[in-house]
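Note sheet for the following structure.
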Amino acid sequence: MAATEAAGKLAYRIYRAVSYGAEPAVNLHLRWRRLRGREHSLRWTERLGLPSLSRPTGPLLWFHAVSLGEGITAIPIIKECIKQRPDVNVLMTTTTVSAFEVISKRLPSGVIYQFAPLDTPSAVGAFLDYWRPNAIILIESELWPNLIMGASENGIVLALLNARMSSKSFKKFSGPLLLPLISLMLSKFSLIVPLSTMQAIHFQLLQASPYIIKFSGDLKYAVEEFDASEGELRSIQDLKLQLAHRQVWMASSIHRGEEEIMLGVHRVLTEMHPDIVTIIVPRNPQHGLEIAQELQKAGQNVALRSRQENLKPGTNIYVVDTLGRHVGHFSHMVLEMQRLNPLSVLQVSGKLELEKALKELFSDAKVLEARRMAAKQAFCALSTGIVANVWSLLNVHVLNQALC
């Protein structure tokens, strides 16, 4: 263990030296991204650790998520934090402009929003020196060496919620070169709440202490209850009214190219159900606009969410080309729902299987209702008490240590 720790410290010194030497190039790249519109035109210097707002007096908890999906996931627990500890200031950071555009409008009043610093010694050092957080709560997979080691050196308590690691990252970190570094980083955490049992195994194999690994459930299940704005709720209700007497299916979180499959299925279904509505939700809003434009060129009637267009008679395709819909990692959620009720999820492989499944569901109202109820019940069972569970873990393992 001592040899592993020594190797980890050596690996970190190398990383820190390399990241320090790369700072001029990283800063130039940041300016290039700003010119390309990939960084905020006015607040891009926050990525260098330079604040745009004043730090309030008193204790401060820093929540950090990389982008929109992870950031939305953090909102329920931020709201619970404010409810339970109104004496504590909350700082929220993300890295992307798309996350800023959505999350900054949804955070409770009083929450400070900044862009996260790049993982360079200067940016992280400036950020920590200015904001002086008592604890840092990272969401999902934000494991940056300068940030984690800098926080530890400053006595800042660290937690990782909805912790996950892709198979590719796990394989990379498990290798002999990076294992000592990741092991050293994970040793600095006071709490790791994994997304699933398999993720817990991954973190233990990377030498995280089993005593800091706790389970609470997936925060993604709590998103719908907490993060919809009043305007969005009205928009959803209006859409429900428009769809009330029509059969509907949705192709959600699709990648480029997959719309061709979904539209092919749509054409087959309209032969059986001329009034059916297909809702297409691409992962990228720009992709949604492109899909709509291509369909309109082909003479199709399409309603766009961004334009708040209604589903008029003769319009069978509704494209969601706006940000704000949470998209995450679904594989473990599918397994959890299937384990609770096999009817809650129907998995298909390819266009023909999807066509067959939808034809059967739309032709048998009893089967469709049974599957809808199973999905709803499984979701409710998995979402119950998650925020309370996470807050309890944070309170015991993080706040009691950070705010003592």
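The values are calculated or read from the model by the stated rules, or taken from the named source; none is laboratory data. Only a predicted model underlies this, so the values are computations on that prediction, with no experimental measurement involved. Using ideal geometry, Cβ is built from the backbone for each residue, glycine included, and neighbour counts are taken over all protein chains shown. Ligands, DNA and RNA are excluded from the accessible area calculation, which covers all protein heavy atoms including side chains. Shrake-Rupley method; radii C 1.70, N 1.55, O 1.52, S 1.80 Å.
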Legend entry - For Asp238, solvent-accessible area (1.4 Å; no DNA, RNA or ligand), Å²: 80 Å²
Legend entry - Among Ala292, Ala163, Ala123, residue whose mean-square fluctuation peaks in a GNM of the chain (springs only between Cα atoms under 10 Å): Ala292
Inset, instruction - For each pair in Lys312/Lys366; Lys79/Lys220; Lys9/Lys188; Lys312/Lys351; Lys188/Lys214; Lys168/Lys220, compute the distance between the two Cα atoms and list the pairs where it is over 20 Å. - result: Lys312/Lys366; Lys312/Lys351; Lys168/Lys220
Inset, instruction - Report ³J(HN,Hα) in whole Hz for each residue of segment 99-106, in order, from the Karplus equation J = 6.51 cos²θ - 1.76 cosθ + 1.60 where θ = phi - 60°; Gly and Pro get x. - result: 5, 4, 4, 8, 5, 4, 8, 9
Inset, instruction - Give the accessible area for Phe203 in Å² (nearest 10); use a 1.4 Å probe, count only protein heavy atoms, and leave out ligands, DNA and RNA. - result: 0 Å²
Legend entry - Heavy-atom accessible area per residue - segment 251-404, 1.4 Å, Å²: 56 Å²
Legend entry - the chain: C-alpha gyration tensor shape, a/c 1.5 cut-off, then a/b vs b/c: prolate
Inset, instruction - Estimate the FRET efficiency between Gln377 and Leu205 by the formula 1/(1 + (r/R0)^6), using the beta-carbon distance for r and 30 Å for R0, to the nearest 0.05. - result: 0.30
Inset, instruction - State whether segment 4-113 is rounded, prolate or oblate according to the following rule on the C-alpha gyration tensor (a ≥ b ≥ c being the square roots of its eigenvalues): a/c under 1.5 gives rounded; otherwise a/b larger than b/c gives prolate, and the remaining case gives oblate. - result: oblate
Inset, instruction - With a ≥ b ≥ c taken as the square roots of the eigenvalues of the C-alpha gyration tensor of segment 271-404, please select rounded if a/c is under 1.5 and otherwise prolate if a/b is larger than b/c or oblate if it is not? - result: oblate
Inset, instruction - Name the long-range amide H neighbours of Val111: under 5 Å, sequence gap of 5 or more, or other chain; modelled H, no Pro or chain starts. - result: none
Inset, instruction - Report, to the nearest whole %, how much of the accessible area of the chain belongs to carbon and sulfur atoms, 1.4 Å probe, protein only. - result: 56 percent
Inset, instruction - Determine the order of Cys380, Cys404 by accessible area, beginning with the largest, at a probe radius of 1.4 Å. - result: Cys404, Cys380
Inset, instruction - Please find, in a Gaussian network model of the chain (springs between Cα atoms separated by less than 10 Å), the residue of Gly350, Gly37, Gly71 whose mean-square fluctuation is greatest. - result: Gly350
Inset, instruction - Could you work out which residue, out of Ile182, Ile103, Ile291, moves most in a Gaussian network model of the chain, that is, has the largest mean-square fluctuation with Cα springs under 10 Å? - result: Ile291
Legend entry - Relative contact order for the chain, counting Cα pairs under 8 Å that sit 6 or more residues apart, in percent: 15 percent
Inset, instruction - Could you compute the FRET efficiency for Leu233 and Gln401, with r as their C-beta to C-beta distance and R0 at 30 Å, rounded to 0.05? - result: 0.20
Inset, instruction - Find the accessible area per residue for segment 124-174; the probe is 1.4 Å, ligands and nucleic acids are left out, and the unit is Å². - result: 37 Å²
Inset, instruction - Any chance you could look up the accessible area of Ser306 with a 1.4 Å probe, heavy atoms only, rounded to 10 Å²? - result: 60 Å²
Legend entry - Using alpha-carbon coordinates, inclination of helix 230-243 to the longest axis of the chain, degrees: 20 degrees
Inset, instruction - Go ahead and collect, in residue order, the members of segment 73-103 whose backbone nitrogen is under 19 Å from a label point 7 Å along the Cα-Cβ direction of Asn154. - result: 88-95
Legend entry - FRET efficiency, 1/(1 + (r/R0)^6) with R0 30 Å, evaluated for Ala357 and Gln308 via beta carbons: 0.45
Inset, instruction - Quick one: order Ser209, Ser253 from most to least accessible surface, probe 1.4 Å. - result: Ser209, Ser253
Inset, instruction - Could you rank Ile77, Ile82 by how accessible they are, 1.4 Å probe, largest area first? - result: Ile82, Ile77
